[in-house]
1. Being among the β-branched types (Val, Ile, Thr), away from ligand 1 (no atom under 12 Å from the Cβ) and closer than 22 Å to Thr152 by Cα narrows it down to one residue among Val234, Val246; which is it?
2. Do we find that Ile55 is under 16 Å from the mean Cα position of the chain (by Cα) and either of a type in the set (A, V, I, L, M, F, W, C) or closer than 29 Å to Gln105 by Cβ (or both) in this structure?
3. With the structure loaded, tell me whether Ala142 is in contact with a helix residue (DSSP H, G or I) (Cβ under 6 Å, 6 or more places away or on another chain), closer than 24 Å to Asp271 by Cβ and at pLDDT 95 or above or whether it fails that test.
4. Out of all the residues in the stretch 30-57, which are under 18 Å from Cys253 (Cα atoms) and in contact (Cβ under 8 Å) with a residue 40 or more places away in the chain?
5. Would you be able to say whether some residue in the stretch 32-48 is in a helix (DSSP H, G or I), open to solvent by 60 Å² or more (accessible area, probe 1.4 Å), modelled with pLDDT of 95 or more and under 24 Å from Ala116 (Cβ atoms)?
6. Counting only residues that are at pLDDT 95 or above and touching a Phe, Trp or Tyr at 6+ places or on another chain (Cβ under 8 Å), which one in the stretch 104-118 is farthest from ligand 2 (Cβ to nearest atom)?
7. Looking only at helices (runs of 4 or more DSSP H) that fall completely inside the stretch 192-254, which ones have 3 or more residues that are within 16 Å of ligand 2 (Cβ to nearest atom), open to solvent by less than 40 Å² (accessible area, probe 1.4 Å) and of a type in the set (Ser, Thr, Tyr)?
8. I'd like the full set of residues that are buried (at least 19 other Cβ atoms within 10 Å of the Cβ) and free of Cβ contacts under 8 Å to residues at least 60 places away in the same chain, limited to the stretch 58-70.
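The values are calculated or read from the model by the stated rules, or taken from the named source; none is laboratory data. Owing to the predicted nature of the structure, the values given are computational and were not obtained by experimental measurement. Ideal geometry is used to build each Cβ from the backbone, glycine not excepted, and the neighbour counts take in all protein chains shown. For the accessible areas, the whole protein counts, side chains as well, though only heavy atoms, and no ligand, DNA or RNA atoms are used. Shrake-Rupley method; radii C 1.70, N 1.55, O 1.52, S 1.80 Å.
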Amino acid sequence: HAKNSGRNTLRFFDPAMQAALDRRATLESELRQALKGRQFRLHYQPQVDIERRLIGVEALLRWQHPQRGMVSPNDFIPLAEETGLILPIGLWVLETACELLKHWQGNARTRGVQVAVNVSARQFRQLDFAAQVQRVLETSGANPALLKLELTESLVLEDVENTIAKMHAIKALGVQFSMDDFGTGYSSLSYLARLPLDQLKIDQSFVRNLPGRKNDETITRTIITMGQGLAMEVIAEGVETEAQCVFLEELGCRVYQGYLFSRPLPAEALDAFIAGS
Ligand code: C2E
Ligand code: MG
Ligand code: MG
Ligand code: MG
């Protein structure tokens, strides 16, 4: 009927929309090639304590595209999630991060440094996700206590009961949890207190406006107080200036990550950062 054919006509004849669909199809097939072709890389961004000592890194995915160069995760993770490609990609990230952990355990300078891995909703929802984590830990020989999984509020809120149960199963392996981009979602205090979280990560959208923007100062102060009350470590992400760092420290935040200390680095460059720290 008229409505349907109207929509089909629009889709078929709108060149801009057709171009977008073509780009998407190209990206999807390139993404499939990328895993086989070993085009993914992990960069690692240092996390430091109040003395600026390295205490952890966050593993951040990069796609070394043969023509387009380094592609940002924001440009391909949404499609990887939609297509399910995030499952093998996410497993590769976990394996690679655990291999780094195992490697670091053999070195006095890096022993004890944690690795944080971002976990997507689709990945976490897999029925055997806890078993996957266990298998990767066993295969790699990495110390589970040094692995931290970063979840987002939206992931948790999709299915709170199920999430809590799965988090407990994974925590039983010795693994830690961090709540990424904290403050940007809609999680309520009552949920938060029930989640077995080890860390809250203050989102960079708040950190960016410190000090000076009163609302963001208030949100930041509240998150830090909340973390302290719930015995969770609080880390600030996106710390770019000394002024931000000093302000966060005055509020009681003890762990920082951001360009002020280092950009995300390939593993080789990270060795140099560690040697110099
Ligand atoms: P995220 O987990 O919140 O990671 C922090 C992002 O902020 C990273 O962007 C990092 O490079 C950037 N960043 C760090 N310090 C600063 C700073 O001082 N200033 C500014 N402006 N930005 C800073 P990146 O690497 O582009 O990653 C973007 C997002 O992609 C991540 O946000 C995460 O949600 C997602 N992502 C990255 N790697 C993975 C992965 O392996 N799996 C999944 N599922 N998602 C990933
Ligand atoms: Mg993260
Ligand atoms: Mg974040
Ligand atoms: Mg973020």
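1. Being among the β-branched types (Val, Ile, Thr), away from ligand 1 (no atom under 12 Å from the Cβ) and closer than 22 Å to Thr152 by Cα holds for just one of Val234, Val246, which is Val234.
2. Considered against the rule, which asks whether it is under 16 Å from the mean Cα position of the chain (by Cα) and either of a type in the set (A, V, I, L, M, F, W, C) or closer than 29 Å to Gln105 by Cβ (or both), Ile55 comes out as no.
3. yes
4. Pro46, Gln47, Val48, Asp49, Ile50, Arg52, Arg53, Leu54, Ile55, Gly56, Val57
5. no
6. Looking at residues that are at pLDDT 95 or above and touching a Phe, Trp or Tyr at 6+ places or on another chain (Cβ under 8 Å), I get Val113.
7. No helices (runs of 4 or more DSSP H) qualify here.
8. Scanning the stretch 58-70 gives Ala59, Leu61, Trp63.
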